[in-house]
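The values are calculated or read from the model by the stated rules, or taken from the named source; none is laboratory data. All values derive from a computational prediction rather than experimental measurement. Neighbour counts are summed over all protein chains in view; Cβ atoms, including those assigned to glycine, are modelled from backbone coordinates with ideal geometry. Calculation scope for accessible area: heavy atoms of the full protein, side chains included, ligands and nucleic acids excluded. Shrake-Rupley method; radii C 1.70, N 1.55, O 1.52, S 1.80 Å.
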Amino acid sequence: MVGLNIIWEGFKIKKIYLISSNNKVSGLSVFNGTNLLFLNSEKIINLILAKNIYLKNVKLTKKFPGVLFLELTWRQPVARLMSYDKPLFIDAEGFPAENNTSVDTFPQIYLSSVTLSGKTPDWRLLKAISLINELHKGDLFLSRVNFVDNNSEINVLIDDSVEVLLPYNFDPLSTGASLQTIISRFRIEGKFISKIDFRFEKPLVILKNE
């Protein structure tokens, strides 16, 4: 028993180095009195992830006899979900993220209802974010995405001026490429687009003042 006590005391966690951009971390009390030798890394990581909804990844490194390095990666917002009373930001994988800056110029996504629990993000959020990323490649800013459930239609606003109508089954990659080509071509010609409708076999382009 004496030998066991010596081992237990010798490998107790005495110091934790937290590598994180955010020090407000829940669940760290799990390390109180914990022995580094018998620490179940996977279990601890899952517990910390469950306690912090904005946390994306946890890297745990042991340094014997009693030092622990905890490196945390937080989810970064790319859009703002407007279906809630309070601001709710979404990362590139469709999960909740925290905006730690005073800047709020993120694209707005409107959904009548959405469930953000579990490990599988809402498919509509993934489609919206994918389109945001594709347009960004062509220096186009997607201002707003509105999913209209009653007629399975999506209303998109680009650069606060061009309205785009999409069916629910649109492909973000091909649609993003088409939008870049259409908008760029008409801008070169000095024409201003009011609306682009992708609900037909070929996109319908409506110019302003027409």
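Under 9 Å by Cβ, and 6 or more places apart or on different chains, what pairs join a residue from the stretch 143-154 that is part of a strand (DSSP E or B) with one that is open to solvent by 10 Å² or more (accessible area, probe 1.4 Å) and modelled with pLDDT under 85?
Phe147/Ser112; Val148/Ser112
Which residues, taken from the stretch 185-198, are over 20 Å from Phe170 (Cβ atoms), surrounded by 13 or more Cβ atoms within 10 Å (Cβ to Cβ) and among the aliphatic types (A, V, I, L, M)?
Result: no residue meets the conditions.
Tell me which of these Leu166 doesn't satisfy, since it passes every other one: (1) at pLDDT 95 or above; (2) in a helix (DSSP H, G or I); (3) not β-branched (Val, Ile, Thr).
All conditions are met except number (2).
Pairs please, first residue from the stretch 43-68 and under 15 Å from Tyr17 (Cα atoms) and free of Cβ contacts under 8 Å to residues at least 12 places away in the same chain, second anywhere and not polar (S, T, N, Q) and not in a strand (DSSP E or B), Cβ atoms under 8 Å, 6+ apart in sequence or on different chains.
none
What pairs come out if I take residues in the stretch 175-195 that are part of a helix (DSSP H, G or I) and pair them with residues that are among the basic types (Lys, Arg) whose C-beta lies under 8 Å away, six or more apart or interchain?
Pairs found: Gly176/Lys137; Gln180/Lys137.
Got at least one residue in the stretch 125-133 being within 23 Å of the chain's Cα centre (by Cα) and β-branched (Val, Ile, Thr)?
First, the residues of the stretch 125-133 that are within 23 Å of the chain's Cα centre (by Cα): 125-133.
If we keep only those that are β-branched (Val, Ile, Thr) as well, we get 129, 132.
Checked the stretch 125-133: at least one residue is within 23 Å of the chain's Cα centre (by Cα) and β-branched (Val, Ile, Thr).
Does Leu126 satisfy being out of contact with any Ser or Thr (no Cβ under 7 Å at 6 or more places or on another chain), open to solvent by 50 Å² or more (accessible area, probe 1.4 Å) and assigned to a helix (DSSP H, G or I)? Write out each step before concluding.
Numbers: out of contact with any Ser or Thr (no Cβ under 7 Å at 6 or more places or on another chain): yes; open to solvent by 50 Å² or more (accessible area, probe 1.4 Å): yes; assigned to a helix (DSSP H, G or I): yes.
The answer is yes for Leu126.
Would you call Glu201 open to solvent by 40 Å² or more (accessible area, probe 1.4 Å) and modelled with pLDDT under 90?
Details: open to solvent by 40 Å² or more (accessible area, probe 1.4 Å): yes; modelled with pLDDT under 90: yes.
In short, yes.
Filter the stretch 94-109 down to the residues that are β-branched (Val, Ile, Thr) and in a loop (DSSP other than H, G, I, E, B), then identify the one that is modelled with the lowest pLDDT.
Among them, the one singled out is Val103.
Within the stretch 74-88, track down each residue that is open to solvent by 60 Å² or more (accessible area, probe 1.4 Å) and either of a type in the set (Asp, Glu) or part of a strand (DSSP E or B) (or both).
Within the stretch 74-88, the first condition is being open to solvent by 60 Å² or more (accessible area, probe 1.4 Å), and the residues that meet it are 76, 84-87.
The answer is Asp85, and nothing else.
Which number in (1) in contact with an Asp or Glu (Cβ under 7 Å, 6 or more places away or on another chain); (2) open to solvent by less than 40 Å² (accessible area, probe 1.4 Å); (3) over 30 Å from Asn169 (Cα atoms) marks the one condition that Val58 misses?
(1)
Of all residues being of a type in the set (Gly, Ala, Ser) and out of contact with any helix residue (DSSP H, G or I) (no Cβ under 8 Å at 6 or more places or on another chain) in the stretch 1-36, which is modelled with the highest pLDDT? Just the residue, please.
The initial filter retains those residues of the stretch 1-36 that are of a type in the set (Gly, Ala, Ser), namely 3, 10, 20-21, 26-27, 29, 33.
Pick out the ones that are also out of contact with any helix residue (DSSP H, G or I) (no Cβ under 8 Å at 6 or more places or on another chain) and you get 3, 10, 20-21, 29, 33.
Numbers: Gly3: 46, Gly10: 68, Ser20: 93, Ser21: 90, Ser29: 88, Gly33: 81.
Ranking the candidates gives Ser20 first.
May I ask you to say which residue of Glu153, Glu93, Glu71 is acidic (Asp, Glu), closer than 30 Å to Phe11 by Cα and loosely packed, with under 15 Cβ neighbours inside 10 Å? Talk me through it step by step, then tell me what you get.
Values: Glu153 fails: closer than 30 Å to Phe11 by Cα; Glu93 fails: closer than 30 Å to Phe11 by Cα.
On inspection, the qualifying residue turns out to be Glu71.
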